[in-house]
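Notes follow once the structure below has been shown.
The values are calculated or read from the model by the stated rules, or taken from the named source; none is laboratory data. For clarity, every value in this text was computed on a predicted model and none was experimentally measured. Every residue, glycine as well, gets a Cβ built from its backbone with ideal geometry; the counts of neighbours run over all protein chains shown. For accessibility, only protein heavy atoms count, side chains too; no ligands or nucleic acids. Shrake-Rupley method; radii C 1.70, N 1.55, O 1.52, S 1.80 Å.
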Amino acid sequence: MIDPFGRQVTYLRVSVTDRCDLRCVYCMAEDMEFLPRGDLLSLEELERLCAAFVRKGVRKLRLTGGEPLVRRGIMGLIGRLGSLIGDGLDELTLTTNGTQLAKYADGLVAAGMRRINVSLDTLDPHRFAAVTRRGRIDQVLDGIMAAKAAGLAVKINTVALRGVNDDEYERLVEWCGAHGFDLTLIETMPMGEVHADRVQQYIPLSSVRQRLERSFTLADSDHRSGGPARYVTVAETGRRLGFITPMTHNFCESCNRVRVTCTGTLYMCLGQEDAADLRAPLRASEGDHLLEAAIDAAIGRKPKGHDFIIDRAAGPTMARHMSVTGG
Ligand code: SAM
Ligand code: SF4
């Protein structure tokens, strides 16, 4: 799959549910309304969809959400997708809030998963409860340690939030170093109305990096994870530290990915509204020719890039919530 700007699309992110057991303040509103269950693709439909993308050249699949591990039957789907590894697929991975990892870490490894991203914005139990509006940090830390014990490489994702965790980045770098985890810091993006003040909470990561350089020796690294993060190596811990800066640095020129929601809507760019419905062609026939034609047409109009702006008066740049497309 080659888009109009010559970029090869090899990475599919699949949001398997819009539901979640947490309500992170930057991601969801407290009173989120979720989709009617009938709108969701079944697990069989998600499997058909992923398999079609793999046949068309996708080599990396990431499951996300909502919280992917709260979808009923998800481990069955993960097992079936895992069987595509080595048969077109190079990697199956997951972005999770970690609450269910203690239960599922071994199963993920058995399905062929080798690394996962876990979102963790703070190490402080009270802050964690506040930022997630309902989470218990012990459950997540137990999950992360279970993942490590099962042999999964863990990368921690932290959204940088002024007034929430802006005094914790040094501690997070050290904690990740002590446990052998890489860490990626993410700028908050203007996705969905969440009743939190993003203008107040937004921190440009260029200033965070400058600050961390007072405590750590950061060496630029040319490591690429196939994503938008730019990495440095922290000499003191030997671990990688990534920065995802959609607001301050546009990385669209090397974009290799598309996203599909749990209703089968394909978004060719996280920061644009244009989308293609894949559920109708998926359901219209038992064969996959209509589905594959719809995928080709959509890739043929992947936009050049996004245009996020954080502006109080204008509201969110994108009306949809991050939990729809999974970040
Ligand atoms: N529930 C899973 C989790 O939290 O990892 C997967 C879905 S979550 C939507 C994926 C990632 O998006 C998380 O790392 C989360 O912190 C990030 N995210 C959510 N809303 C965001 C926003 N407005 N700006 C930047 N990152 C956001
Ligand atoms: Fe749930 Fe992940 Fe969104 Fe937090 S960031 S509310 S864990 S989907």
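Of G112, G98, G107, which residue is buried (at least 21 other Cβ atoms within 10 Å of the Cβ) and not in a strand (DSSP E or B)?
Result: G98 is the single residue among G112, G98, G107 that is buried (at least 21 other Cβ atoms within 10 Å of the Cβ) and not in a strand (DSSP E or B).
Look at region 1-19 and say how many of its residues are open to solvent by 30 Å² or more (accessible area, probe 1.4 Å) and touching a residue at least 40 places away in the same chain (Cβ under 8 Å).
Adding up the residues that qualify gives 6.
Out of (1) at pLDDT below 90; (2) outside any loop (DSSP other than H, G, I, E, B), what's the single condition that is false for D307?
(2)
Could you list all residues from region 264-277 that are surrounded by fewer than 17 Cβ atoms within 10 Å (Cβ to Cβ) and modelled with pLDDT of 95 or more?
Of everything in region 264-277, just one residue is surrounded by fewer than 17 Cβ atoms within 10 Å (Cβ to Cβ) and modelled with pLDDT of 95 or more, namely D277.
Tell me which residues, restricted to region 197-222, are touching a strand residue (DSSP E or B) at 6+ places or on another chain (Cβ under 6 Å) and open to solvent by 60 Å² or more (accessible area, probe 1.4 Å).
Within region 197-222, D220 is the sole residue that qualifies.
Within region 5-56, count every residue that is in contact with a Ser or Thr (Cβ under 8 Å, 6 or more places away or on another chain) and among the small types (G, A, S).
Residues in region 5-56 being in contact with a Ser or Thr (Cβ under 8 Å, 6 or more places away or on another chain) and among the small types (G, A, S): 1 in total.
From the set of residues in region 106-142 that are of a type in the set (G, A, S) and within 12 Å of ligand 2 (Cβ to nearest atom), which is nearest to Y169 (Cα to Cα)?
Here the answer is S119.
Which residue pairs have Cβ atoms closer than 7 Å, lie 6 or more positions apart in sequence or on different chains, and pair a first residue in region 64-86 that is closer than 14 Å to G98 by Cα and within 16 Å of ligand 2 (Cβ to nearest atom) with a second residue that is basic (K, R) and outside any loop (DSSP other than H, G, I, E, B)?
That search, which allows pairs on different chains as well, returns T64/R13.
Quick one: would you say A178 is open to solvent by 10 Å² or more (accessible area, probe 1.4 Å), part of a helix (DSSP H, G or I) and closer than 28 Å to S221 by Cβ?
Yes.
Tell me which residues, restricted to region 131-172, are part of a helix (DSSP H, G or I), in contact (Cβ under 8 Å) with a residue 60 or more places away in the chain and open to solvent by 10 Å² or more (accessible area, probe 1.4 Å).
Hits for region 131-172: nothing passes.
If you scan region 35-70, which residues turn out to be among the hydrophobic types (A, V, I, L, M, F, W, C) and closer than 21 Å to M189 by Cβ?
From region 35-70, those among the hydrophobic types (A, V, I, L, M, F, W, C) are 35, 40-41, 43, 46, 49-54, 58, 61, 63, 69-70; that's our starting set.
Within region 35-70, just L63 meets the criteria.
What are the residues in region 115-126 that are crowded, with 17+ Cβ neighbours inside 10 Å, farther than 23 Å from R80 by Cα and not hydrophobic (A, V, I, L, M, F, W, C), if any?
S119, D121, T122
Restricting attention to region 35-63, and to residues there that are open to solvent by less than 10 Å² (accessible area, probe 1.4 Å) and out of contact with any Phe, Trp or Tyr (no Cβ under 9 Å at 6 or more places or on another chain), which single residue is nearest to ligand 2 (Cβ to nearest atom)?
Looking at residues that are open to solvent by less than 10 Å² (accessible area, probe 1.4 Å) and out of contact with any Phe, Trp or Tyr (no Cβ under 9 Å at 6 or more places or on another chain), I get L63.
Pick from R71, R80: which is buried (at least 19 other Cβ atoms within 10 Å of the Cβ), in contact with a helix residue (DSSP H, G or I) (Cβ under 9 Å, 6 or more places away or on another chain) and not hydroxyl-bearing (S, T, Y)?
Result: R71 is the single residue among R71, R80 that is buried (at least 19 other Cβ atoms within 10 Å of the Cβ), in contact with a helix residue (DSSP H, G or I) (Cβ under 9 Å, 6 or more places away or on another chain) and not hydroxyl-bearing (S, T, Y).
Rundown of residues vs (1) more than 29 Å from K155 (Cβ to Cβ); (2) in contact with an Asp or Glu (Cβ under 9 Å, 6 or more places away or on another chain), yes/no style:
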residue	(1), (2)
R259	no, no
Q272	no, yes
A275	no, no
R279	yes, yes
D288	yes, no
E292	yes, no
I295	no, no
